[in-house]
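Written out below as structure tokens is the structure these notes cover.
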Amino acid sequence: MKKTDIKGLAESEIAEKLKESRTELFNLRFQLATGQLDNPHRITMVKRDIARLHTELRSREIAASKSQAQ
């Protein structure tokens, strides 16, 4: 997921993607522990997606607080 894709989403959609990504990360870690994971790099990619989603949510919070302060 790219930054431009995330910017076009509503906050509720971002929250849903975040929930899905966390579930996927849990499943990937479980597969890693049981030796069934085919692509270990996928864990890194999902972690980065989660970080991007959190970053976008936080930047929207900051922008909202700045607009309310003015």
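Points to keep in mind about this one:
- Answer residue from segment 23-70, given it is surrounded by 10 or more Cβ atoms within 10 Å (Cβ to Cβ) and of a type in the set (Asp, Glu) and is nearest to Ile6 (Cα to Cα) among those: Glu56
- Among the residues of segment 1-19, the ones that are exposed (fewer than 13 other Cβ atoms within 10 Å of the Cβ) and closer than 17 Å to Met45 by Cα come to 5 in all.
Every number in this text was worked out from the coordinates using simple rules, so none of it is lab data. If you're wondering where the values come from, they're calculated on a predicted model, not measured in any experiment. Positions of Cβ are backbone-derived with ideal geometry, glycine not excepted, and every protein chain shown enters the neighbour counts.
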